[in-house]
Amino acid sequence: MSDHLLARRVATMVRNARAKRSRVPYSELSTVYRELWEAWRTHQRDGAGDSPTASLRLANTILSVFAEKARREWVQRLLFDMAQRGLRPDLATLTAVLPSAESAGEALRIKSMARRQGFALDATFYNAVLRAVSHDRAQPLAERDAAVAGVWREVLGDSSIEPSALLFNTRLASAAAVDEAVLLIEQLNARGLPATAATYSAAVSGLPSVAAVEAILRYAEGRGDRKLLRDPVLFTTCLNNVAKPAWQPAPTPVADAFRFLTIAAELQVPATLEMLCSCLRLSVARLSSAAASRCPVSRAELNETGQLVESTVRAAFLHGADSISSFWTSAMQYYNLSADLPGANRLINHFKSTRVRPSDAMLRYYSGIPGSDKHLDMSSWANLRYSLT
């Protein structure tokens, strides 16, 4: 197979792997990885690897997929094979493997290696370093912040690098305080790069509390960036962050979710399915953690959580989200945890009316609710449009 044809085949496989990586089990993803590995071995075995440049480019592409989900065993296997074949890593190789770094220290060692090799470090490489260092959750927060700040000083001090909006956004995502985030946004604007909705989404993703996020939103309004806040992605980020351990203790996670939904409504931000999914996952996680810790949820919080779930489910009905299996399974899991048979029956009746068969997981959660129909008559799903199973 020619380099050109193989590159096209691998590009297709890479797209499929990236499309699947967040929504399929590891066993299936491993199959994709094995296929990529076999494509590489076939490329070498058939003699199409006579061009070192083409081989290195192909290896870097495959490495970037292996490293994205920190599959170190695949990264190391390919790096070893490259060494056996005399392929010397270039800057793109080191950039590709950075997401698989196990710690901030390892990421910094890769950066030092790149300098020793005499590579001209670029914005793409530094972006990968910043992400790897800031994602080291095992490192004490103060040490991680210091490491991130050190890398950022290098970026600003290197006259050959023109920091992009993407690089600023990566740095913003690790900002641990409002003042730090504001300073970065001001630096962004000083370089002639206007703040965007992605800028504020990145800023809120790194902040440690609801109050800090609200402060950034007020700052944006004060700058005249109110229109940039009308972005569902920003509020999805806020809702996802509510469940972060760093945000606790809070009045309750559900109360915080209501606050963000209220702010979104005031800004006329439409509720997207992603926002609804975040609310639902939050509600399920809250009850699951309470059950696991044998810490009862107060009646007030249970009622508030129920209101959030019901409003989420009603909105999802309007969105026509019948085919989103994970969403409805989470909804039924909530009804199971709260022993809410009326809510579960409403959900089952919705699926009957839309002639969509629930997933097996949904039905298992349903049958575990006291008083539910343990032997649900599936004949009522005759002439199905499709099944979630």
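The values are calculated or read from the model by the stated rules, or taken from the named source; none is laboratory data. Since this is a predicted model, take the numbers as computed values, not measurements. Here Cβ is always computed from backbone atoms with ideal geometry, including for glycine, and neighbour counts include all displayed protein chains. Only protein heavy atoms, including side chains, enter the accessible area calculation; ligands, DNA and RNA are left aside. Shrake-Rupley method; radii C 1.70, N 1.55, O 1.52, S 1.80 Å.
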- Taking interchain pairs and intrachain pairs at least six residues apart, which have beta carbon atoms under 7 angstrom, with the first residue in region 116-128 and over 22 Å from E68 (Cβ atoms) and in contact (Cβ under 8 Å) with a residue 12 or more places away in the chain and the second assigned to a loop (DSSP other than H, G, I, E, B) and open to solvent by 20 Å² or more (accessible area, probe 1.4 Å)? A120/S160
- Among the residues of region 150-164, the number that are modelled with pLDDT under 90 and among the aliphatic types (A, V, I, L, M) is 2
- Item | Residue in region 216-238 that is in contact (Cβ under 8 Å) with a residue 24 or more places away in the chain, open to solvent by 20 Å² or more (accessible area, probe 1.4 Å), of a type in the set (A, V, I, L, M) and within 23 Å of A128 (Cα to Cα) present | yes
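Could you identify the single residue in I348, I369 that is modelled with pLDDT of 80 or more, farther than 25 Å from A271 by Cα and more than 26 Å from the chain's Cα centre (by Cα)? Walk me through it before giving the result.
On the way: I348 fails: farther than 25 Å from A271 by Cα.
When all the criteria are applied, what remains is I369.
Looking at L166, L108, L184 in this structure, which one is touching a residue at least 24 places away in the same chain (Cβ under 8 Å), in a helix (DSSP H, G or I) and within 25 Å of V233 (Cα to Cα)?
L166
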- Message: For T329, only one of the following conditions fails: (1) at pLDDT below 80; (2) within 21 Å of L273 (Cβ to Cβ); (3) open to solvent by 10 Å² or more (accessible area, probe 1.4 Å); (4) not small (G, A, S). What is its number?
- Response: (1)
- Message: With the condition being touching a residue at least 40 places away in the same chain (Cβ under 8 Å) and more than 23 Å from the chain's Cα centre (by Cα), I'd like the helices (runs of 4 or more DSSP H) fully within region 48-104 carrying at least 2 qualifying residues.
- Response: 52-68, 72-84
- Note on the structure: When R77 is run through (1) within 23 Å of V129 (Cβ to Cβ); (2) modelled with pLDDT of 80 or more; (3) surrounded by fewer than 20 Cβ atoms within 10 Å (Cβ to Cβ); (4) touching a helix residue (DSSP H, G or I) at 6+ places or on another chain (Cβ under 9 Å), the failure sits at (1)
- Query: Among the residues of region 208-216, is any touching a helix residue (DSSP H, G or I) at 6+ places or on another chain (Cβ under 7 Å) and either assigned to a loop (DSSP other than H, G, I, E, B) or farther than 25 Å from P253 by Cβ (or both)?
  - Reply: yes
- Query: Does region 178-206 hold any residues that are small (G, A, S) and either loosely packed, with under 15 Cβ neighbours inside 10 Å or more than 24 Å from the chain's Cα centre (by Cα) (or both), and which are they?
  - Reply: A190, G192
